[in-house]
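Q: Dropping a structure here in structure tokens format, bear with me for questions.
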Amino acid sequence: MEEALTMARLAAADGTGTIVATPHALHSRFRPEQEAVAEAFNRLSAALAENRIPLRLQQAAEVSFAPDLRTQLEAHPELTVNGQGRYVLTELPFVGYPTYVTEVCFDLLLHGIVPIIAHPERSQHLQQHPHLLYELVAQGVMVQVNAGSLLGQFGPEAEAAARLFVRHRMVHLLGSDAHNSQKRPPVLQEAASVVAELGGEELARNVTVLWPGDILAGIYVQVAEPIPIKYHGPIRSSGRPVGLWQRIKARWGANASSGG
Ligand SMILES: [Fe+2]
């Protein structure tokens with residue numbers, strides 16, 4: 001509780017008015033009981049009021065992507081944002097890329113549930129093939145990048161991908177992905193200024209205030225058309241394809257580190 005309150009004070013001091021708590025769900029390793037999550041949520045909400053911390057707490061989850069995601073969400077609407085059944089924050093694997101991503105996203109959209117992909121800039125596959133994310137966004141999928149990615153905290157590849165996604169208007173939300181008060185704190189301001197630098201002040205405001213507000217209200221957001229990525233390979237954050245030599249080096253490096 002002490003750590004949670006420290007985090008809440010950090011967020012409030014950074015200008016955050018509402019925090020959406022997104023514990024993992026349907027995850028292979030982290031699977032908290034929903035009852036325990038609800039109980040912790042209520043306890044923390046009460047503690048915020050008691051300690052006069054000006055922060056609203058709302059509930060959602062970071063749901064692991066799965067072939068049966070839609071039926072899982074219909075059985076557990078509490079995993080969607082505010083339990084409204086309209087938006088779901090979902091996480092793709094960091095390594096590899098499931099064959100059913102497009103199909104599952106399309107199925108969710110058809111049923112009125114908008115998938116919000118959590119930190120796609122951290123997926124190795126999407127770093128190498130950003131056009132795949134463009135195709136999802138063009139279909140109506142939304143994207144949340146981590147504030148820390150834009151600041152280089154998840155490595156140069158994630159940083160470059162996050163910047164590319166912002167430039168191509170493929171980013172709709174900025175997430176703190178906060179885990180604690182020290183290494184992964186709940187702050188957004190610094191990253192929001194990077195968004196402003198890359199995509200303009202209006203976009204920075206949209207991804208931190210306007211669109212998250214609509215999502216929490218259960219309103220379907222009208223976002224700008226993304227700028228197409230047509231090239232089917234890795235792209236620099238400047239928008240130019242990565243050179244052949246760098247691609248060979250990256251491939252060789254990946255093979256070397258995986259021991260094969
Ligand atoms: Fe995540």
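Q: Across the stretch 39-52, in residue order, what do the Karplus-derived ³J(HN,Hα) couplings come to in whole Hz, using 6.51 cos²θ - 1.76 cosθ + 1.60 with θ = phi - 60° and x for Gly and Pro?
A: Rounded to whole hertz, the list is 5, 5, 4, 5, 5, 5, 4, 5, 5, 4, 5, 4, 8, 6.
Q: What is the extension gain from residue 42 to residue 28, computed as 0.36 nm multiplied by their sequence separation minus the C-alpha to C-alpha distance, in nm to one decimal?
A: On the way: separation 14, 0.36 × 14 = 5.04 nm, distance 2.55 nm.
Full extension from residue 42 to residue 28 adds 2.5 nm.
Q: Another question, if that's okay. Hey, can you rank 78-85, 89-96 by average C-beta count inside 10 Å, highest first?
A: Highest-to-lowest ranking by the protection proxy: 78-85, 89-96.
Q: Further question on the same structure: What number does the chain give for Rg over Rh if you use C-alpha atoms and the Kirkwood radius? Before the final figure, lay out each step's value.
A: On the way: Rg = 18.3 Å, Rh = 19.0 Å.
Ratio of gyration radius to Kirkwood radius: 0.96.
Q: Rank 196, 58, 220 by how far each Cα sits towards the positive end of the charge dipole of the chain (+1 on Lys, Arg Cβ; -1 on Asp, Glu Cβ) and give me just the farthest.
A: My answer, from the dipole projection, is 196.
Q: Test of understanding: ordering 68, 177, 107 by Cβ neighbours within 10 Å, fewest first, what list do you get? Display every interim value, and only then the final one.
A: Values: 68 13, 177 20, 107 17.
The fewest-first ordering by Cβ neighbours comes to 68, 107, 177.
Q: How many angstrom separate the Cα center of the stretch 229-245 from the Cα center of the stretch 39-113?
A: 32 Å
Q: If I model a spin label as a point 7 Å beyond the Cα along the Cα-Cβ vector, how far apart are those points for residue 49 and residue 189 in nm?
A: About 2.8 nm, to one decimal.
Q: Rounded to the nearest 0.05, what FRET efficiency is calculated for residue 180 and residue 124 with R0 set to 41 Å and r the Cβ-Cβ distance? Can you show the working numbers first?
A: Details: r = 25 Å, r/R0 = 0.61.
Plugging the Cβ-Cβ distance into 1/(1 + (r/R0)^6) gives 0.95.
Q: Please name which of 83, 186, 111 has its Cα lying farthest along the dipole of the stretch 60-257 towards the positive end, using unit charges on Cβ (Lys, Arg +1; Asp, Glu -1) and the Cα centre as origin.
A: Highest projection toward the positive end goes to 186.
Q: What percent does the relative contact order of the chain come to when contacts are Cα pairs within less than 8 Å and at least six residues apart? Before the final figure, lay out each step's value.
A: Values: 414 pairs, mean separation 41.6, N = 260.
After rounding, I find 16 percent.
Q: Follow-up question, since we're still on this one. Does the stretch 1-140 classify as rounded, prolate or oblate by the C-alpha gyration tensor (a ≥ b ≥ c root eigenvalues; a/c under 1.5 gives rounded; else a/b over b/c gives prolate, otherwise oblate)? Kindly include the intermediate steps, with their values, before the conclusion.
A: Working: a/c = 2.16, a/b = 1.73, b/c = 1.25.
Here the stretch 1-140 falls in the prolate category.
Q: Once you keep just the Cα pairs under 8 angstrom separated by 6 or more residues, what percentage relative contact order results for the stretch 88-192?
A: On the way: 160 pairs, mean separation 24.2, N = 105.
After rounding, I find 23 percent.
Q: Restricting to Cα pairs below 8 Å that are 6+ residues apart, what does the relative contact order work out to for the stretch 146-256? Please round to a whole percent. Could you put the intermediate results ahead of the total?
A: Working: 112 pairs, mean separation 27.4, N = 111.
Reported relative contact order: 25 percent.
Q: Any idea what angle helix 244-257 forms with the longest principal axis of the chain, computed on alpha-carbon atoms, 0 to 90 degrees, nearest 10?
A: 60 degrees
Q: Something else: How far apart, in nm, are two points set 7 Å out from the Cα along the Cα-to-Cβ line at residue 138 and at residue 95?
A: Placing both labels 7 Å beyond Cα along the Cβ direction yields 3.1 nm.
Q: May I pose another question? How big is the charge dipole of the chain about its Cα centre, in debye rounded to the nearest 20, if each Lys and Arg gets +1 on its Cβ and each Asp and Glu gets -1 on its Cβ? Could you put the intermediate results ahead of the total?
A: Values: 21 positive and 25 negative charges, 178 e Å.
So the magnitude is around 860 debye.
Q: Also: Pick from 62, 190, 35: which residue has the top mean-square fluctuation in a GNM of the chain where Cα pairs under 10 Å get a spring?
A: Fluctuation is largest for 35.
Q: OK, next. Can you compute the radius of gyration and Dmax for the stretch 66-193, using only the Cα atoms, both in Å?
A: 14.5, 41
Q: If you don't mind, there's one more thing I want to ask. What is the distance, in nm, between label points placed 7 Å from the Cα along the Cα-to-Cβ direction at residue 231 and at residue 249?
A: Placing both labels 7 Å along Cα→Cβ, they lie 1.6 nm apart.
Q: For residue 19, enumerate residues with amide H under 5 Å from its amide H, sequence gap 5+ or separate chain, H modeled in the peptide plane.
A: 56, 57, 58
Any read-out appearing in this document is the output of simple, stated calculations on the displayed coordinates, not a laboratory observation. Predicted model only: the values in this text are computed from it and were never measured. We place every Cβ from the backbone using ideal geometry, glycine too, and count neighbours over all the protein chains shown.
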